[in-house]
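Every number in this text was worked out from the coordinates using simple rules, so none of it is lab data. All values derive from a computational prediction rather than experimental measurement. Note: ideal-geometry Cβ built from the backbone for every residue, glycine included; neighbour counts use all protein chains shown.
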Amino acid sequence: MNTLRFKQVITAFVLCAMLGMGLTSCFTQKIAVGQGAPARQGDEAAKNEVSVWTWHLLWGLVPLQGPVDAGKMAQGAANYTVVYEESFINSIVAGVTLGIAMPRTVTVKR
């Protein structure tokens, strides 16, 4: 393969990779347990939230750990909300690793 053709192939690959990363987006899934978490503001809300990152490999196909125990994270609360999301920071980590490592954030609001 000549040098010009090789540069064209590499350029096309880089552009496709950048386009693919640019088309990804953040997502959020909320699940209310019982009546869900009551609305809180500021420091009170921060005191009643617990967050963990879950890790998956190969574009999310292979989980690295077992399921998150949201009931345990809620510390016995009857009403809570589980928020499963890919944040901007999670997307950056996934982009840097080219999708090999895919973190997600799980937050339980009591």
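Three principal axis extents of segment 44-98 based on alpha-carbon atoms, in descending order, are 39, 24, 12 Å.
Here r is the Cβ-Cβ distance between Ala12 and Val62 and R0 is 35 Å; the resulting FRET efficiency, rounded to 0.05, is 0.75.
For the chain, the number of Lys pairs with C-alpha atoms closer than 21 Å, counting only pairs eight or more positions apart or on separate chains, is 6. From the coordinates of this entry, Cα extents along the principal axes in Å is computed, and it appears in (i) 43, 24, 20; (ii) 66, 29, 19; (iii) 60, 23, 20 under the label (ii).
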